[in-house]
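*Asks:* Got a structure for you, questions after.
The values are calculated or read from the model by the stated rules, or taken from the named source; none is laboratory data. Small disclaimer: the values here were computed from a predicted structure and weren't measured. Heads up, the Cβs are rebuilt from the backbone with ideal geometry, glycines too, and the neighbour counts pull from every protein chain shown.
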Amino acid sequence: MIKLDPYINVDPGTMSPFQHGEVFVTDDGAETDLDLGHYERFVRFRTSSKSNFTTGRIYENVIRKEREGQYLGATVQVIPHITDEIIRSIKAGAGDAEIVMVEIGGTVGDIESLPFLEAIRQMRMELGSKNTLFIHLTLVPYIGSAGEIKTKPTQHSVKELRSIGIQPDILLCRVDRPLPPAEKRKIALFTNVEEGAVIPAYDASSIYMIPSMLHDEGLDEIVVEKLAIQAPTADLGEWRAVVDAMQNPIAEVTIAMAGKYIDLTESYKSLSEALIHAGIHTHAKVNIRYVDSEEIERNGLQCLDGVDGVLVPGGFGERGIEGKIAAAGHARSNHVPYLGICLGMQAAVIECARNSANLSGAHSSEFDQETPHPVIGLITEWTTSEGTLERRSFDSDKGGTMRLGGQQCKLAPGSFVAKAYGTEVITERHRHRYEFNNKYMMELEAAGLRIAGRSIDGNLVEIVEYPDHPWFVGCQFHPEFTSTPRDGHPLFNAFITAALAYKVSQKAEVPDAVT
């Protein structure tokens, strides 16, 4: 599966989460669109750096080739050079796959997406209509004041596509209510699409209901028929089990997510989904209470009252860091289950240094380069999964210069994480510049912190825990990127299990009311 994005950024790595949502990291270290996270969660396959191409990356490749003289003095133009590069990228991303699904972001009619649309038009000419299929997602709005469903937006969107030589084979019509047969016939008539291929895509309470809903509308049968694919009948038993578990929980917990981007929850999309997945696999409804870490700084920790677990996610920049550190301290001192991810682990380390190891003024050099105790510091060199040595400094570019992608980690026997994973060595994905400062390891261990996971060469601290706490884990990596609804993730499952146990223990401590 491949996502083509029309924006000019080379990748989403330096884009604000408020503008673009989460940055999803692949095993091979690419910073990509969050839609790749959806692909992995739904299809059980691993995306890569060849799964996401932006306008910026396409143009960067073409300009580099022009500078190298690869075009032999030709005048470089959108057609054929940009479109050829898009086609080359799609084929590179496809590899030896028999079927490739390519999503083009943006809106039909946008100037910036035209080269991508032209490229797929050319690919149909090259591969033939029997080997290509165009599915167009459109909006069919309901106008409440008039009490009418309007098909005009769909008609005009398809008209735009047909004007550049693309005839959709299937229409997916976003609707919030049943699409009447008369409206369906009208759409088919004005778009030149078979009526049976006009598929309503209804709003759903959970995205994981969509596979069954589209199957019930016959979308999968239409696709295999049009591509002449011999395929067995779809077995959606696992997806029905996922939906059933979501709709019929036997317990309930509330998790506080203390972050700085909570005004746009898409910034934490994989995290939110991972918590939902853990709920599915522990038969629990997981309520997420999004807490602005700056609110903690302003008004104190009351916003964490009544929660069954605290999760502090990753992030960049100083804003809200003291609130995250306070949240970690609250979880430690009150024995509330805690999961710190990336910066969330670093916040827990800083809190331990300040309040348990008596290292006054301890901080991360990311936020205070004059701190007397930089318990978190810039990682200047590390070994990649391919065995090459990477080096960075404070002056390095921001884009694509972090420790990125899948890295192996060796777990400490008997630790919370070793029990959760059930194995000695794991592989998880990273996205960060700063690491635990090993110079403070002995002092922090003496203060009660346990080093529960290290990089495979033993040089980098990957996981910390408090062994005398019911469940307190901080990890430098991002386990949410590998969680899926059908398989879950061992770390999140263990976290929610601990939250359920904490909730039961709190009820047991409250005496029955006297009547």
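Residue-by-condition table, conditions (1) outside the structural domain of M15 (by TED's automatic domain parsing); (2) crowded, with 22+ Cβ neighbours inside 10 Å; (3) of a type outside the set (A, V, I, L, M); (4) within 27 Å of Q19 (Cβ to Cβ):
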| position | (1), (2), (3), (4) |
| --- | --- |
| S270 | yes, yes, yes, yes |
| A274 | yes, yes, no, yes |
| A278 | yes, yes, no, no |
| L304 | yes, no, no, no |
| D308 | yes, yes, yes, no |
| V312 | yes, yes, no, yes |
| R319 | yes, no, yes, yes |
| K324 | yes, yes, yes, yes |
| G344 | yes, yes, yes, yes |
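*Asks:* Also, I was wondering about something else. Quick one: which residue in N61, N9 is surrounded by fewer than 21 Cβ atoms within 10 Å (Cβ to Cβ), at pLDDT below 95, outside the structural domain of F477 (by TED's automatic domain parsing) and not charged (D, E, K, R)? Don't jump to the end; show me each part of the working.
*Replies:* Working: N61 fails: at pLDDT below 95.
Sole residue among the options that is surrounded by fewer than 21 Cβ atoms within 10 Å (Cβ to Cβ), at pLDDT below 95, outside the structural domain of F477 (by TED's automatic domain parsing) and not charged (D, E, K, R): N9.
*Asks:* For a quick check of your reading: which strands (runs of 3 or more DSSP E) sit entirely within segment 232-322 and have at least 1 residues that are in contact with a Cys (Cβ under 6 Å, 6 or more places away or on another chain)? If you could, list the steps in order and put the result at the bottom.
*Replies:* Working: elements: 251-259, 284-292, 309-312.
Passing ranges, in order: 284-292.
*Asks:* Next question. Considering only segment 40-71, state which residues are in a helix (DSSP H, G or I) and closer than 11 Å to F481 by Cα.
*Replies:* First pass over segment 40-71, keeping only residues in a helix (DSSP H, G or I): 40-43, 49-51, 55-67.
Across segment 40-71, the qualifying residues are E40, R41.
*Asks:* Identify, from the list D216, D263, the residue that is exposed (fewer than 15 other Cβ atoms within 10 Å of the Cβ) and not assigned by TED's automatic domain parsing to the domain that holds E295. Break it down stepwise before answering.
*Replies:* Numbers: D263 fails: not assigned by TED's automatic domain parsing to the domain that holds E295.
Testing whether each residue is exposed (fewer than 15 other Cβ atoms within 10 Å of the Cβ) and not assigned by TED's automatic domain parsing to the domain that holds E295 leaves just D216.
*Asks:* Criterion first (more than 13 Å from A347 (Cα to Cα), out of contact with any strand residue (DSSP E or B) (no Cβ under 6 Å at 6 or more places or on another chain) and either at pLDDT 95 or above or among the β-branched types (V, I, T) (or both)) does I321 satisfy it?
*Replies:* On the way: more than 13 Å from A347 (Cα to Cα): no; out of contact with any strand residue (DSSP E or B) (no Cβ under 6 Å at 6 or more places or on another chain): yes; either at pLDDT 95 or above or among the β-branched types (V, I, T) (or both): yes.
Judged against the criteria, I321 is not a match.
*Asks:* So which of G13, G29 is part of a helix (DSSP H, G or I), under 22 Å from R433 (Cβ atoms) and in contact (Cβ under 8 Å) with a residue 12 or more places away in the chain? Let's see the steps before the verdict.
*Replies:* Values: G29 fails: part of a helix (DSSP H, G or I).
Answer to the check: G13.
*Asks:* Look at segment 146-158 and say how many of its residues are touching a helix residue (DSSP H, G or I) at 6+ places or on another chain (Cβ under 8 Å) and outside any loop (DSSP other than H, G, I, E, B). Before the answer, list the steps.
*Replies:* Taking segment 146-158 and keeping what is touching a helix residue (DSSP H, G or I) at 6+ places or on another chain (Cβ under 8 Å), we get 149, 151, 154-155, 158.
Next, only the ones that are outside any loop (DSSP other than H, G, I, E, B) stay: 149, 154-155, 158.
Counting residues in segment 146-158 that are touching a helix residue (DSSP H, G or I) at 6+ places or on another chain (Cβ under 8 Å) and outside any loop (DSSP other than H, G, I, E, B) gives 4.
*Asks:* Scan V78, V100 and give me the residue that is touching a helix residue (DSSP H, G or I) at 6+ places or on another chain (Cβ under 7 Å), within 24 Å of P211 (Cβ to Cβ) and at pLDDT 95 or above. If you could, list the steps in order and put the result at the bottom.
*Replies:* On the way: V78 fails: within 24 Å of P211 (Cβ to Cβ).
None of the others qualify; the one that does is V100.
*Asks:* Tally the residues that are part of a loop (DSSP other than H, G, I, E, B), within 26 Å of V223 (Cα to Cα) and either without any contact (Cβ under 8 Å) to a residue 40 or more places away in the chain or touching an Asp or Glu at 6+ places or on another chain (Cβ under 9 Å) (or both), restricting the search to segment 72-106. Steps first, please.
*Replies:* Initial filter on segment 72-106 (part of a loop (DSSP other than H, G, I, E, B)): 72-77, 95-101, 105-106.
Among the residues that remain, those that are also within 26 Å of V223 (Cα to Cα) are: 95-101, 105-106.
Those still in the list that are either without any contact (Cβ under 8 Å) to a residue 40 or more places away in the chain or touching an Asp or Glu at 6+ places or on another chain (Cβ under 9 Å) (or both) too: 96-98, 105-106.
Total meeting the criteria: 5.
*Asks:* Let me ask another. For E297, indicate whether it is touching a helix residue (DSSP H, G or I) at 6+ places or on another chain (Cβ under 7 Å), among the charged types (D, E, K, R), surrounded by fewer than 22 Cβ atoms within 10 Å (Cβ to Cβ) and over 22 Å from F481 (Cβ atoms).
*Replies:* Working: touching a helix residue (DSSP H, G or I) at 6+ places or on another chain (Cβ under 7 Å): yes; among the charged types (D, E, K, R): yes; surrounded by fewer than 22 Cβ atoms within 10 Å (Cβ to Cβ): yes; over 22 Å from F481 (Cβ atoms): yes.
So E297 passes the test.
*Asks:* Kindly indicate the residue of segment 226-251 that is touching a residue at least 60 places away in the same chain (Cβ under 8 Å) and not hydrophobic (A, V, I, L, M, F, W, C) and also farthest from P485 (Cα to Cα) among those meeting that condition.
*Replies:* K226
Okay, residues lined up against (1) in the same structural domain as T282 (by TED's automatic domain parsing); (2) outside any strand (DSSP E or B); (3) out of contact with any strand residue (DSSP E or B) (no Cβ under 8 Å at 6 or more places or on another chain):
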position	(1), (2), (3)
E435	yes, no, no
E443	yes, yes, yes
D457	yes, yes, no
E462	yes, no, no
D468	yes, yes, yes
F477	yes, yes, no
R486	yes, yes, yes
L491	yes, yes, no
T497	yes, yes, yes
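*Asks:* Filter segment 24-56 for residues that are of a type in the set (F, W, Y) and within 16 Å of V102 (Cβ to Cβ); which is surrounded by the most Cβ atoms within 10 Å (Cβ to Cβ)? Explain how you work it out, then say what you get.
*Replies:* Of all residues in segment 24-56, those of a type in the set (F, W, Y) come to 24, 39, 42, 45, 53.
Those left that are additionally within 16 Å of V102 (Cβ to Cβ): 39, 42, 45, 53.
Details: Y39: 22, F42: 17, F45: 11, F53: 27.
Here the answer is F53.
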